[in-house]
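**Student:** First, the structure itself, so that you have it in front of you.
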Amino acid sequence: MLGGSALWFRHGLRLHDNPALHSALEDKTVPFFPIFIFDGETAGTKVVGYNRMRYLLEALEDLDNQFKKYGGRLIVMKGTPHVIFRRLWEEFGITKLCFEQDCEPVWRARDDAVKAACRETGVVCREHVSHTLWEPDTVIRYNGGIPPLTYQMFLHTVSTIGDPPRPVSDLDLTGVNFGVLPDFFYQEFTVFDKVPKPEDLGVHLDREDIRMIRWVGGETAALHQMQQRLQVEYETFCRGSYLPTHGNPDLLGPPISLSPALRFGCLSVRRFYWAVQDLFQQVHQGRLSGSQFITGQLIWREYFYTMSVNNPNYGQMGGNPICLDIPWKTPEGDELTRWIEGRTGFPFIDAAMRQLRSEGWLHHVLRNTVASFLTRGTLWLSWEHGLNHFLKYLLDADWSVCAGNWMWVSSSAFEALLDSSECACPVRLGRRLDPGGDYVRRYVPELARVPVNYIYEPWKAPIDVQERANCIIGKDYPAPMVNHLDAAARNRNNMKELRRILEKAPPHCCPSSEEEIRRFMWLNDDTESEISTS
């Protein structure tokens, strides 16, 4: 019985700002087992597309390469976590198991089973908060035992708690005694000699690989991307503004978002939060106070985590106390499939949906656009369909954050949006955000030769124009699946009737102000004509 400790990687796929790693290595002389377990669900692998799985595996490979520099390995296995850790106790007498908190309720049964096994065997179980800035349970306690129902209430609550902790120091792995599994572990469990590829786990490309942008997973890439992002933020702060992509998002340029790295924990949210805050203070020399606006997207992430933590039905309508029960219609024919595959006949929608499936990414303004189109904007289908699709394909899709966004945009959890008669028009919004049609031409190549004045409404092009463009509507590219203006008008009437029925709606999440709505939906003051459907 050698003793030792185990570090269980789930999210938090990094070595920097990893308090669980510090805890596991308090004694470097005993065997240390860094482990990732494929149990069919961990890290979002229950429903997963090729890009998401590849990003995860690249993150694991990056960890493995870093451990190899110090004579160790990341142990990658298939199995049931509590069974594996019990066997480690039986064979090695491990005395400590450490891991980063996964606060979402979807992980609770898994973690409870592991904690129970640790209690039965006498193994010390240490869970550390570092995937979020504040511990959600602490926020709820400070808010009187209930989650804050508005974003502004959340901001007020965390202001009473105080600043989030700063990152812990990096740890020197020199001299760590890495544990090695005996041969019989390879017989009892599936233990990989090297980090597998997606195909080894039964995940394959479901369409031709036409990626224009290649996302790379792992801590090494994430830290490099953060430095690039901080340079963008620095230049923005020097100009006296913030949120550089908010007003005029670049749909074609290389993405500067760090959300996939944050979602898998390849980048510490605390490292990024404090790097941005410190940079702001450095630029302005204390003349301006750092507001929540400069890290607003990180705070929204925290808010959605906190709203979900005690709500196992957060990702669905049924039994979800914060979600309005909107009577969405059942999908008819292939309309849901056409939305998923980017064959709606609306070029801006189709370009976005094809980018999502091929690259695993969409700019936030595009997410709002396709979500509005699926739900209250046009098709009047449940946001649950959209959530399931995003969870499979979107690289940064956290269960809580993704579900929160879908409830937001579909008006399912936000009364003020339900009161609004505006919804994003895929034609006008496309013209504003991509006036030359370059984004559409990239992801919908059959429209590449369509003149710019018809690129967002190709069905209006005369037949001779369609012939010259080698794109006959209804043959080479589909006609619109619905009349958007008629559908939008019908949906507005539906919302009006819902408002009448729900005059005394039960307490549920709602925006704090119209300004908050505009920030969340990435709408400038000049977007009234683009979002109007009249």
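The values are calculated or read from the model by the stated rules, or taken from the named source; none is laboratory data. Since the model is a prediction, treat every value here as computed from it, not as a measurement. For neighbour counting, all protein chains shown are included, and Cβ atoms are generated from backbone atoms with ideal geometry for every residue, glycine included. Heavy atoms of the whole protein, side chains included, go into the accessibility calculation; ligands, DNA and RNA do not. Shrake-Rupley method; radii C 1.70, N 1.55, O 1.52, S 1.80 Å.
**Student:** State which residue pairs qualify: first residue in the same structural domain as GLU446 (by the TED database) and open to solvent by 70 Å² or more (accessible area, probe 1.4 Å) and inside the stretch 456-471, second residue of a type in the set (Lys, Arg) and modelled with pLDDT of 95 or more in any location, beta carbons under 9 Å apart, and separation of 6 or more residues or different chains.
**Tutor:** The qualifying pairs are ARG468/ARG449; ASN470/ARG449.
**Student:** If you don't mind, there's one more thing I want to ask. On the given criteria, is ASN453 open to solvent by 40 Å² or more (accessible area, probe 1.4 Å), within 31 Å of the chain's Cα centre (by Cα) and over 18 Å from GLY342 (Cβ atoms)?
**Tutor:** no
**Student:** Scan (1) under 29 Å from VAL216 (Cα atoms); (2) buried (at least 21 other Cβ atoms within 10 Å of the Cβ); (3) of a type outside the set (S, T, N, Q) for the single condition GLU384 breaks and write down its number.
**Tutor:** Just one mismatch for GLU384, condition (2).
**Student:** Could you tell me whether any residue of the stretch 100-112 is in contact with a strand residue (DSSP E or B) (Cβ under 6 Å, 6 or more places away or on another chain) and not in a loop (DSSP other than H, G, I, E, B)?
**Tutor:** The answer is yes; a qualifying residue exists.
**Student:** Then there is this: Where in the stretch 249-353 are there helices (runs of 4 or more DSSP H), lying wholly inside it, with at least 3 residues that are without any contact (Cβ under 8 Å) to a residue 24 or more places away in the chain?
**Tutor:** Where helices (runs of 4 or more DSSP H) fall fully within the stretch 249-353 and carry at least 3 residues being without any contact (Cβ under 8 Å) to a residue 24 or more places away in the chain, they are 269-284.
**Student:** Please go through (1) touching a residue at least 60 places away in the same chain (Cβ under 8 Å); (2) open to solvent by less than 90 Å² (accessible area, probe 1.4 Å) for LYS194 and return the number of the only condition it doesn't satisfy.
**Tutor:** (2)
**Student:** Which of the residues belonging to the stretch 117-153 are assigned to a loop (DSSP other than H, G, I, E, B) and either open to solvent by less than 20 Å² (accessible area, probe 1.4 Å) or among the aliphatic types (A, V, I, L, M) (or both)?
**Tutor:** Scanning the stretch 117-153 gives VAL123, VAL129, SER130, HIS131, THR132, LEU133, TRP134, ILE146, PRO148, LEU149.
**Student:** Let me spell it out: the conditions are (1) assigned to a loop (DSSP other than H, G, I, E, B); (2) surrounded by 13 or more Cβ atoms within 10 Å (Cβ to Cβ); (3) over 23 Å from the mean Cα position of the chain (by Cα), and HIS156 meets all of them except one. Which number is the exception?
**Tutor:** Looking at each condition in turn, HIS156 falls short on (1).
**Student:** Working carefully through the options ARG357, ARG367, ARG343, find the one that is of a type in the set (Lys, Arg) and under 16 Å from ASP398 (Cα atoms).
**Tutor:** On inspection, the qualifying residue turns out to be ARG367.
**Student:** Also, I was wondering about something else. Identify the single condition in (1) open to solvent by 30 Å² or more (accessible area, probe 1.4 Å); (2) of a type outside the set (Ser, Thr, Tyr); (3) in contact (Cβ under 8 Å) with a residue 40 or more places away in the chain that ASP200 does not satisfy, given that it satisfies every other one.
**Tutor:** So ASP200 meets the others, but not (3).
**Student:** Quick check on VAL195: is it over 30 Å from VAL139 (Cα atoms) and aliphatic (A, V, I, L, M)?
**Tutor:** So VAL195 passes the test.
**Student:** With LYS28, LYS46 as the choices, which residue is without any contact (Cβ under 8 Å) to a residue 40 or more places away in the chain, assigned by the TED database to the domain that holds THR121, open to solvent by 30 Å² or more (accessible area, probe 1.4 Å) and not in a helix (DSSP H, G or I)?
**Tutor:** Answer to the check: LYS46.
**Student:** For residues that are over 17 Å from the mean Cα position of the chain (by Cα) and part of a loop (DSSP other than H, G, I, E, B), scanning just the stretch 49-81, find the one that is surrounded by the fewest Cβ atoms within 10 Å (Cβ to Cβ).
**Tutor:** Here the answer is LYS69.
**Student:** Could you look through the stretch 318-332, keep only residues that are touching a Ser or Thr at 6+ places or on another chain (Cβ under 7 Å) and under 9 Å from SER382 (Cβ atoms), and pick out the one that is most open to solvent (accessible area, probe 1.4 Å)?
**Tutor:** Selected residue: TRP328.
**Student:** Could you go through the stretch 179-190 and let me know if any residue there is touching a helix residue (DSSP H, G or I) at 6+ places or on another chain (Cβ under 6 Å) and open to solvent by 40 Å² or more (accessible area, probe 1.4 Å).
**Tutor:** no
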